[in-house]
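The values are calculated or read from the model by the stated rules, or taken from the named source; none is laboratory data. Note that the structure is a prediction, hence the values are computed from the model and not measured. Note that each Cβ is placed from the backbone with ideal geometry, even for glycine, and that neighbours are counted across all protein chains shown.
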Amino acid sequence: MALDKRFVVALALNALGCFLVYEFVSLSPGIPENREPAPSAKNAGRRLSATKIEIVDGAFTQGGKKIGRHPGKIFGVGGNDYTALAQELGFEAFRTWGRDQLPWAMIEAERASFFVMAGLDMTRDPRYYAEGSEHCSDDLEASDYWKSALRSILREVNTYKSDPHILMWLVGNEMEIPIDTKAGNDCLWKRVNWVAGKVKEEDPDHPVGVALAGIASPKVKKMVELCPNIEVLGTNIYGNEIRDVGERLRKDGWTKPWAFTECGALGPWEVPQTSWGAPMEQSSTEKGRFIMKGLRMCDDDEMCVSFMAFLWGWKWEKTGTWFGLINDWTEAKGFSFLNDIGQPIYDEFGPEEQKAFRIHIEGFKVDGDKSVDHLGFAATKGAEVQLDVLPVATPFDGDNGAWAWWVVTRESLVHAKSDANIPEETQPVIPGVVAACPGSFRAKLQTSMLDEGRYRLYVFVRRKHEGGFEHYPETVEASLAVPFYVGEQRCEDVTSGYCFDEVTRVMTSTKRMGYAMWPAEGTFPHSDFKEVQASLHMVNHAGCPAACSVQIPADATTDCSEAPEVRYEADVPTIQKLFEPPENPYVAGECHTAVPHEECWYSTKWLMEEGRFTTPDFPELDESSTWEEGQLALYHRARNNCKKPCTGDEGRSEPKKSEDCHTSVEPEDCYWATKWLMDEGRWTNPEWFPEVTAESTWEDAQEEPTTTKEPETTTKEPETTEEPETTEEPEPETTKEDCYTSVEPEDCFWGTKWLMDEGRWKHPEWFPEVTAESTWEDAQEALWKRGQNGCHKPCAPESEETPETEEEEDCHNSVPPEDCYYATKWLMDEGRWKHAHAFPEVTADSTWADAQHALWKRSEGSCKKPCAPEEPETTKEPTTEEPETTQEPEPEEPETTPEPEEETVPKEEPCYTSQQPEDCFWGTKWLMDEGRWVYPDAFPEVTADSTWEDAQEALWKRGKNGCQKPCRPESEESGEPKPEEPAEPEELKEECYTSVPHEDCYHATKWLMEEGRWKHPDAFPEVTAESSWEDAQRALHNRGENGCKLPCPHDSDAETEELDEEKCHNSVPHEDCYYATKWLLDEGRYKYPDAFPEVKAHSTWADAQRALWKRSKDGCQKPCRTA
């Protein structure tokens, strides 16, 4: 019976409640159509107009007018509680997440005349976004589950679409997290687009958006590609990710409006952790900096349409203070107290006089004067730990004083990186373990009452006013949650080694960039060494151990005398600076653009050619990025000793007047001249243009031809006449007939050079008479006939005018260090293969003289006509006989002994191993370096195992390059077995030596290990994935490249350790182990030999992977032995 009475009473109360709600909704008065957001509670109860809301040019508009306190932008909070307070503080909208919140949110919105960003929740279960499943077929309408889900969503849309408080719809919230936080998958984004399209069909009067977790580039690009129905990209973004949001979205192709659907401080998933695994939480005052940053960013970006602060209310997420602008944690005596996380918003939108009613936290110390920052502290059991919090407040009329409240709980058992959408259990307060010193901001913690383990200390500094403001809470607070451990911590503070270097590098990188990236996303430019070390430890980077927190000894006690008190600051702007991030003191220093042979140059080259396309670690670089931007990316990351590159504005003393300037473009003469100067001139002829250096820009180079042209032409005047009238006078004197061949830096020279280098190949129809066989004079004559570039009729080359005897007197075979030698070497080594169209006459059969002759014809490389080879001279060198004796017997020997020597002629013929700069040497070098790999069919006998002599003999048998029969090592001639190493020319034999940094051979070997063996496997077939540093150096040594000597053998060649083939695995690209092994081989073994003593200069890939495997690093498995 008693049960029946209680049931009747409950039923009556429910009926009464429903009646009152109905009366409130139905009797609320209306407001005019063109509604202005209300600045105070006096506007409560007004109705909004049901006019269509749309986004025009990045602004919310209604009836053709921009809406919002900041026209076109709507600022609000995530959550729909404490409506009157939200209105008093200047907010104008709620954001909801689920359809279950909508009925109550709409009631609260009606009460405060608020807009609602309404969330239409979609399932986050990955099964319904699984590629290839029934839910992800080409026909999105086919899934029974999604047809049912859509009916529920559209039911809510139809219910509220005519309500004047609806601002826009959000389909889903962070749905990509269970699938792939950075990218989601195609099925997910197609489904989001499908739902958004259906919602828009049902309600065309409101925008439709989505809420993503951050703005990782892969998923933004997928949104651009697969979600055309999404009108607003919302992002739930926190901490250091609040930077350049609009710019980053536009770079990834999103040009539509965007919004902060959640904005808050660093999350527990990204911050450093203590040695006992507790996430480091900032004070509420420090968290307010991120709210301010996001608020300003949205206000400044023309495409940001809304900002929603997170969270308007209270929740337990890892701690009791991490998120929430209101404290409702009753066990901590929090009774809807307003904290200072949202203070920047209150200052921006709230009533002016309320700015003076505030309290914040400046610092926290333990055991006297020990600052714990964010690393917390550890205490030996039995210690009485002295705790000091340092508050600051503004004086206020009606101030009822300030005080501190202390509580302790156990640390949450939920992993710091767990999904925040899953509710967590609140940790109960442990009574009696912390007590405040009377009338102060000091307390004592009794660790003797606690078991060994992980805990968290909370301190709330609060103040109260009497009489205050309507709807404004009478109590405000600031809070701090400090992790602590009872017992001895397991940690190590590093002072040297790889971890120390990486922490230093990351700290430098963070200062240079102004924000932190992996592996320390949760740190700042002002973070100390220990915080960064803790971050690297958390992600298992660089072998960093856990950083040590302050350790309090067991005999520590607390002195309640002279305890700290609240500090009052009357000047509000001064106290507001607490929400500004600390100033970054980093100064970049002088700029320098990397040049060849510097470590930074090789790294930038790799990044521009490969890295920016193959790794996601440089999101700021794309296919349009410049060299300087690539170097800047490395500089920002403190990599490879890169300095800040110079830009076009640095180093310029006198800016040009805008009316006189013009930057050359193709196909202007100035363009080609400037291009040559940037590509070649400044390197090959630095004395001609000393002001054009490695740091110079295109504009710097373009200035030079105009400033150097006149001095060049005036120097010719004395040669022709004493009258200083014009620069055209010298021409008659330079030739017998009225001819003149152009020289640098004349316009005709650059025009002719362009025509020889590019024009005749790119535009043969423009100059049909200039062919592959044409000379420099032919090209100049073509320009002269067309009246271009101020060209005169060219003089015939000497080869057409002078007798053959004169040619021989003027001939010269180039030798080091002449420019022509290096130009000819390039043409023989690379040019004839890579640029066959430019030098068609220089083929695989061409000699050194042929290549030099081609350059001479083109007036390239300061080359002279090469001398014809003299056979007698080449036979003298290998013999000890006098020149006369080798010349006379030659015609007689064949007559006196023709028959007996038929079979032994090859043995008796004098042998000779070619040397520089003989044609045979370069032919043999080409065959060893490229020919045997590129043209194996042409030289089948020259294989990967062939020696220099084998290659020269192949050319000798074919009558190529003037080669003679090579001399063989004594071991081969005597019939002894060949040594293991390939036989080499006498002049190349030397003791073994393994290259080290800063040597040309080192950089070449490094390139071959990092790039060459992957990009050019045909050129280096013997250098495979299993090859060691020595294998690569040996390959270069065998080809005579980069001054590489024969490397010393390594110990691992004799290794006999048996590997378990069933459980082994050799790492491959995209695995963490692969990149770790690559780093260890490329850098680690040289920079940190103490950390990996077994990985030496001669170690193989397997050796390095094995070292990481033994240390359980980077997910490495035992490497497999190669066959």
Sort out which residues of the stretch 257-273 are modelled with pLDDT of 95 or more and of a type in the set (Val, Ile, Thr), and write them in order of number. THR261
Of the residues in the stretch 1083-1123 that are among the hydroxyl-bearing types (Ser, Thr, Tyr) and modelled with pLDDT under 80, the one that is farthest from CYS544 (Cα to Cα) is THR1122
Test each condition in (1) closer than 30 Å to ASN1042 by Cα; (2) at pLDDT below 80; (3) not aliphatic (A, V, I, L, M) for ASN813 and report the one that comes out false. (2)
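Tell me, please, whether a residue that is surrounded by fewer than 21 Cβ atoms within 10 Å (Cβ to Cβ), of a type in the set (Phe, Trp, Tyr) and in contact with a Pro (Cβ under 9 Å, 6 or more places away or on another chain) can be found in the stretch 321-328.
We begin by selecting, within the stretch 321-328, every residue surrounded by fewer than 21 Cβ atoms within 10 Å (Cβ to Cβ); these are 328.
Then drop every residue that is not of a type in the set (Phe, Trp, Tyr), which leaves none.
No, there is no match, as no residue in the stretch 321-328 is surrounded by fewer than 21 Cβ atoms within 10 Å (Cβ to Cβ), of a type in the set (Phe, Trp, Tyr) and in contact with a Pro (Cβ under 9 Å, 6 or more places away or on another chain).
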Working only within the stretch 932-957, note down all residues that are without any contact (Cβ under 8 Å) to a residue 24 or more places away in the chain and among the small types (Gly, Ala, Ser). none
Quick check on GLU650: is it charged (D, E, K, R), surrounded by fewer than 20 Cβ atoms within 10 Å (Cβ to Cβ) and modelled with pLDDT of 75 or more? no
Within 25 Å of the chain's Cα centre (by Cα) and of a type outside the set (A, V, I, L, M): which single residue out of THR319, THR261, THR255 fits that description? THR255
Here are the criteria: (1) exposed (fewer than 15 other Cβ atoms within 10 Å of the Cβ); (2) touching a residue at least 24 places away in the same chain (Cβ under 8 Å). Tell me which single one THR574 does not satisfy. (2)
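Determine whether SER371 is assigned by TED's automatic domain parsing to the domain that holds GLU424 and either within 43 Å of the chain's Cα centre (by Cα) or closer than 30 Å to THR261 by Cβ (or both). Don't jump to the end; show me each part of the working.
Working: assigned by TED's automatic domain parsing to the domain that holds GLU424: yes; either within 43 Å of the chain's Cα centre (by Cα) or closer than 30 Å to THR261 by Cβ (or both): yes.
In short, yes.
Please verify whether ALA50 is at pLDDT below 90, assigned by TED's automatic domain parsing to the domain that holds PRO204 and farther than 11 Å from SER113 by Cβ, treating the condition exactly as stated. Break it down stepwise before answering.
Values: at pLDDT below 90: yes; assigned by TED's automatic domain parsing to the domain that holds PRO204: yes; farther than 11 Å from SER113 by Cβ: yes.
The answer is yes for ALA50.
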Pick from the stretch 85-110 the residues that are surrounded by fewer than 18 Cβ atoms within 10 Å (Cβ to Cβ) and of a type outside the set (Val, Ile, Thr): which of them is nearest to PRO178 (Cα to Cα)? GLY98
Going through the stretch 528-583 one residue at a time, which ones are more than 20 Å from ILE341 (Cα to Cα), among the polar types (S, T, N, Q) and in a helix (DSSP H, G or I)? GLN533, SER535
Do you know which of the residues in the stretch 609-631 that are more than 15 Å from MET517 (Cα to Cα) and hydrophobic (A, V, I, L, M, F, W, C) is surrounded by the most Cβ atoms within 10 Å (Cβ to Cβ)? LEU621
Which ones in the stretch 418-436 are β-branched (Val, Ile, Thr) and part of a loop (DSSP other than H, G, I, E, B)? ILE422, THR426, ILE430, VAL433
Give me the helices (runs of 4 or more DSSP H) completely within the stretch 210-312, filtered to those with at least 3 residues that are surrounded by fewer than 24 Cβ atoms within 10 Å (Cβ to Cβ) and among the acidic types (Asp, Glu), ordered by residue number. 284-300
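Taking the stated definitions as given, is ASP340 modelled with pLDDT under 90, of a type outside the set (Val, Ile, Thr) and under 28 Å from HIS70 (Cβ atoms)? Show your work before the answer.
Details: modelled with pLDDT under 90: no; of a type outside the set (Val, Ile, Thr): yes; under 28 Å from HIS70 (Cβ atoms): yes.
Judged against the criteria, ASP340 is not a match.
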Restricting to the stretch 55-77, count the residues that are touching a Cys at 6+ places or on another chain (Cβ under 7 Å) and assigned to a loop (DSSP other than H, G, I, E, B). 0
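Does LYS989 count as among the basic types (Lys, Arg), farther than 27 Å from ASP919 by Cβ and at pLDDT below 85?
Details: among the basic types (Lys, Arg): yes; farther than 27 Å from ASP919 by Cβ: no; at pLDDT below 85: yes.
So LYS989 does not fit the description; no.
Tell me yes or no: at least one residue of the stretch 498-520 is within 30 Å of THR394 (Cα to Cα) and not in a loop (DSSP other than H, G, I, E, B).
Going through the stretch 498-520, the residues within 30 Å of THR394 (Cα to Cα) turn out to be none.
Checking the stretch 498-520: not a single residue is within 30 Å of THR394 (Cα to Cα) and not in a loop (DSSP other than H, G, I, E, B).
Given the criterion in contact (Cβ under 8 Å) with a residue 40 or more places away in the chain, of a type in the set (Phe, Trp, Tyr) and assigned to a loop (DSSP other than H, G, I, E, B), identify the matching residue among PHE524, PHE460. Show your work before the answer.
Working: PHE460 fails: assigned to a loop (DSSP other than H, G, I, E, B).
Of the residues listed, the single one that is in contact (Cβ under 8 Å) with a residue 40 or more places away in the chain, of a type in the set (Phe, Trp, Tyr) and assigned to a loop (DSSP other than H, G, I, E, B) is PHE524.
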Every residue from the stretch 926-963 that is surrounded by 22 or more Cβ atoms within 10 Å (Cβ to Cβ), modelled with pLDDT of 80 or more and either closer than 21 Å to LEU1008 by Cβ or touching a Phe, Trp or Tyr at 6+ places or on another chain (Cβ under 6 Å) (or both): LEU927, MET928, VAL942, TRP948, ALA951, ALA954, CYS963
Looking only at the stretch 394-417, filter to residues that are within 40 Å of the chain's Cα centre (by Cα), part of a loop (DSSP other than H, G, I, E, B) and in contact (Cβ under 8 Å) with a residue 12 or more places away in the chain; which one of those is nearest to PRO564 (Cα to Cα)? GLU411
Among (1) surrounded by 11 or more Cβ atoms within 10 Å (Cβ to Cβ); (2) of a type in the set (Ser, Thr, Tyr); (3) at pLDDT below 75, SER658 falls short only on (1)
